[in-house]
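The next block holds one structure in the form of C-alpha cells; read it before the comments.
The values are calculated or read from the model by the stated rules, or taken from the named source; none is laboratory data. Model, not experiment: these values are computed from the prediction. Please note: Cβ atoms are built from the backbone with ideal geometry, for glycine as well, and neighbour counts cover all protein chains shown. Surface accessibility is based on the protein's heavy atoms, side chains included, excluding ligands, DNA and RNA. Shrake-Rupley method; radii C 1.70, N 1.55, O 1.52, S 1.80 Å.
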Amino acid sequence: FWLPDSILKDAVRVVRRFRPQVIVAVWSGTPRDRHGQHQAAGVVAQQVFDAAGDAGRFVELAGEEGLAPWQPLKLYRSTRFDSAATTLTLETGDLDPRSGRSYHQIAMASRSQHRSQDMGRLQPTGPRFTRLQLVRDRTQGTLPGSGDAGLFAGIPAATSRLASVAESLRTAVSASRMQDAVPQLASALQQARTAGGPSARTGLIEEALAVAGGVVLDARASAAEVVPGGSFEVDVQCYNGGSQPLQVEQIALLLPQGWRVESMQPLPSLLAPGEQVVRRFTVAVPADAELTQPYFLTRPLVGSLYDWSDAPARVRGEPFAPPLIVARVEAKLQDTPFTLSREVSYRYLDQALGELRRPMRVVPAIEIRLDPERLAWSSTGVPQRIFVVTLTANGGGPSEGEVALEADGWGVPAAQSFRLERLGESQSFTFRLERPDGAEQREVTVRAVARSRDGRVFDRAVTLVSYPHVRPTAWVKPAESAVRVAPIALPDVERVGYVRGAADRVPEALVQIGVPVELLDEDMLASADLARYDAIVVGSRAYETDPALVRHNGRLLEFVAAGGLLVVQYQQYQFVRGAYAPYPLTIGFPHDRVIDETAPVRLLEPTHPALTRPNRLEAGDWEGWPQERGLYFAHTWDEAYTPLLAMADPGMPEVAGALLVAPYGEGTYVYTGISFFRSLPAATPGAYRLFLNLLALREGNGR
C-alpha cells in the first residue's frame, strides 16, 4: 500500500538533509528479511544511494532549503544472515569514552525504548561485533576485495577551516574549560556565514558558542493548553552564566500567523557575568486558531499514506511538528552576533518526579467525545442503543448551549441543554438512538455536536498520546461513532470468563454486542469455580503477559476436560515451548500469517458448528476486515485438531492453521490466529458472527 516512489522520495529527503558520507542498510532487501517493511527498507537503502545525488530525481525537493542533491560515497549492508560476505567487522563492545558504556550497551538501551514491540533488552558488557559488507564504493570506483580498512576509509578528510577548528576544540577543550572555546567558535561562526553553508550547520555552531559562553535561555508559558480567542503569558529568561559580558540585542517570540503579542518591559542591553533578564509577554490567540496536531494528520489519509502536501517543506519527514511558539534571543559574545532559540513550554512540579515540561498546544474551548466510537449492532437484537456524549471545558469562560446527535438521516433523540461554568468541568449526556425499521445491513456514522449560545460549534476532542520516552503528541478526533448494522445472532451463554491479553479490547467489544463477560484475575484463575462459565476465552499473547495464566493453565485444561469450552486467541512461541495446549501444535518460524485483509477464505468443513450456528457464515462475512486476516497460525498440529479455514496472501502457499478445534475429554478446545483483537474492536460484523459461533461450541461439544 506504500507506493515505492513515495518511500524513496522520503528517504531522499532525509539523506539530502542529513548529508551522510556512509549509508548502512540493516536489511538485505530480499525475502530472508521476512516482514515486508524490512524488505522494503533494504531495497530503498540501495536505491537512495544513487537517487539522493541524482539532480534529475525528485527535482521538486531541490527547492526546499538544504535539500540540494547529495551523493553518499559508501554503502554497506549488515551480514547478520550472511556472515561469509563480511568485509568489515566493527567492535561494538568497545567503550564510548564520553559515557563509559559500550556501543552495544547504548544500542540495547535504545532498543529497549521500542515499547510498542516489547523490545526490552539487557545491556551486557564484553566483546561484541557487528559485521558489514561493503556493497558500493565511490571512493575507489570499484568494489574492494575481502578486506576493508574501515567505514571512512577512502573518504577525503575535510580540509576546511571549520574542520580544523573542530579538531582543535576536540583536543584542547574540556568540560572544565569551556570558555576557552569561545574565540574559536566565534571565528568558526563568522566563517560559516561567509561560506554560506547550510543553516543547520550555522545553528549548531551558534548553539555551541552559547554553551561555551555560559548563555542560558529558558521560555515558560503560564498554561500548557490554550483555546482559540484566549490569552496567556510567557516568561523568557536569559542568563549570562559565563565569564564575559553578553550584549543582548533582542528578545522576541516567534508566533503562528495571526497571533498577537505585547510586552511593556524594557530590555537591558548588557548583561554582566552572573546577571539575567526575564521578559514577560502577553499573547493573544485568534478566535480561528487551528487546533494543535501533527502536520501529517491535518489531512485525511490517501489510502495508506499520510498526506502532508500542505505542510511546510521544512517539516516534511520530521517525526514531530515544530514547536507552537519559539523564544529567540539575538545577542553578541566577543562582538560576534548569534541567535539562540528555545521552545516555549509549560513547566510544572510532579511531587514524585520533580520538574516536568509539556509542549504547548491549542485545544477547543469545549471538547466533545462520543462513546462508543464503534458499534456492531445486531439487526435482530435490541432496537435501541445508548450513546454517551461528554463535554469538557478547556477555558474561555462559562458557556451554555445544546448538545445533539446526528445520524445520516436516521431519526435522533431531542437535543439537551448544557452549561459549563469553569475550567476542567465535565458533563455527560445519555442519548437513546433507535434503529429504523428494516435496517438489516447498513453502515451509519453517528455524530455528536455542541452549539453554544454565542454561535460556536464544537465537534472534536483531543487525545494526548503521552509516554515517558516520547514527546507528547495531540491527536484531534471527531466526535463520531461508526455503526455497523448486520444480522448477528448471539449464542445461548450466561457467563463467559476472559483472560485479558496484550493491548486487548476484545472483552469490551463482546460486552457491547451483548455477551456477559467476566474478567478473570490472578485469584480467580487460582481458585474460582470455573465450572460456572459457559466458556473461557484467552486473549492474544496472554501467555506472555499474564504469569498467573501460565501457573494455572492446568486448571483451564481440567475445565475443558470436564465439559468446558476454551478459546485461545493467537499466541507466540512461548505458548508452544510451554506445551500449554492439550495436544501438540507448532508455530512456524517465520510464523504463518495472512496480511491481506481481503484474501479469500476457504471453509474446510462447511457444515461444522463453528461455521454454521448460530450464524451461518457467508462470503460477505469476510468483507471489511481491518489490516490482516490473522497471524501466528498453527503450522503443524496433532490429528486431534480439526482445521476449519484455509487462506493465503496473493502468490503465497495456502495455510490452514488459522482455526483449530479439538475435543478434549468432555469439552472443546479452540486455538485461533484470526485477528479478532483487531476486528472485534473495529466492529466487523463477520468477525462477530464467527467469534460468537465459537462461544456456542460447548452446546455440541465442538463436534
Checklist entry - Taking strands (runs of 3 or more DSSP E) that fall entirely within segment 315-429, which contain at least 2 residues that are of a type in the set (A, V, I, L, M, F, W, C)? => result 326-333, 336-343, 366-371, 374-378, 384-393, 399-406, 416-420
Checklist entry - Could we say that Ala640 is open to solvent by 20 Å² or more (accessible area, probe 1.4 Å) and modelled with pLDDT of 95 or more here? => result yes
Item to check | Checklist (1) touching a Ser or Thr at 6+ places or on another chain (Cβ under 9 Å); (2) of a type outside the set (Gly, Ala, Ser); (3) without any contact (Cβ under 8 Å) to a residue 60 or more places away in the chain applied to Pro245, failing item | outcome: (1)
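Looking only at residues that are part of a loop (DSSP other than H, G, I, E, B) and open to solvent by less than 80 Å² (accessible area, probe 1.4 Å) in segment 27-52, which one is nearest to Tyr632 (Cα to Cα)? Working first, answer last.
Narrowing segment 27-52 to residues part of a loop (DSSP other than H, G, I, E, B): 27-30, 34-35, 52.
Next cut, open to solvent by less than 80 Å² (accessible area, probe 1.4 Å) only: 27-30, 35, 52.
Numbers: Trp27: 23, Ser28: 24, Gly29: 23, Thr30: 22, His35: 13, Ala52: 38 Å.
Looking at the filtered set, the residue picked out is His35.
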Next on the checklist: Take residues that are under 29 Å from Val483 (Cβ atoms) and tell me which of the helices (runs of 4 or more DSSP H) falling wholly in segment 509-601 contain 2 or more.
Outcome noted: none
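Output the number of residues of segment 305-314 satisfying the condition of being surrounded by fewer than 16 Cβ atoms within 10 Å (Cβ to Cβ), of a type outside the set (Asp, Glu) and assigned to a loop (DSSP other than H, G, I, E, B). Steps first, answer last, please.
If we filter segment 305-314 for residues that are surrounded by fewer than 16 Cβ atoms within 10 Å (Cβ to Cβ), which is where we start, we get 305, 307, 309-310, 312-314.
After this cut, where a residue has to be of a type outside the set (Asp, Glu) as well, the list is 305, 309, 312-314.
Now restrict to residues that are assigned to a loop (DSSP other than H, G, I, E, B): 309, 312.
Total satisfying the criteria: 2.
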Checklist outcome for this item: Taking segment 637-651 and keeping only residues that are outside any loop (DSSP other than H, G, I, E, B) and either at positive phi or in contact (Cβ under 8 Å) with a residue 40 or more places away in the chain (or both), one is left with Trp637, Leu645, Ala646, Met647
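Within the group Ala634, Ala683, which residue is open to solvent by less than 10 Å² (accessible area, probe 1.4 Å) and not in a loop (DSSP other than H, G, I, E, B)?
Values: Ala683 fails: not in a loop (DSSP other than H, G, I, E, B).
Just one listed residue meets the conditions, Ala634.
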Checklist outcome for this item: Checked Gln191, Gln247, Gln184, Gln179 against criteria (outside any helix (DSSP H, G or I) and among the polar types (S, T, N, Q)); the one match is Gln247
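From Gln237, Gln265, Gln244, Gln250, grab the single residue that is polar (S, T, N, Q) and at pLDDT 95 or above. If you could, list the steps in order and put the result at the bottom.
Details: Gln265 fails: at pLDDT 95 or above; Gln244 fails: at pLDDT 95 or above; Gln250 fails: at pLDDT 95 or above.
Matching residue, one of Gln237, Gln265, Gln244, Gln250: Gln237.
Can you report the number of residues in segment 652-678 which are in contact with a Leu (Cβ under 9 Å, 6 or more places away or on another chain), on the phi < 0 side of the Ramachandran plot and outside any strand (DSSP E or B)? I'd like the intermediate steps shown before the answer.
Going through segment 652-678, the residues in contact with a Leu (Cβ under 9 Å, 6 or more places away or on another chain) turn out to be 656-661, 664-665, 667-676.
This time we only want the ones that are on the phi < 0 side of the Ramachandran plot, so: 656-661, 664, 667-676.
Still in the list and also outside any strand (DSSP E or B): 656-658, 673, 675-676.
Number satisfying all stated conditions: 6.
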Checklist outcome for this item: Contact list, first residue from segment 265-288 and at positive phi and in a loop (DSSP other than H, G, I, E, B), second anywhere and open to solvent by 50 Å² or more (accessible area, probe 1.4 Å) and of a type outside the set (Phe, Trp, Tyr), beta-carbon distance below 9 Å, six or more apart or interchain, is none
Next on the checklist: Restricting to segment 580-599, name every residue that is more than 28 Å from the chain's Cα centre (by Cα) and β-branched (Val, Ile, Thr).
Outcome noted: Thr586
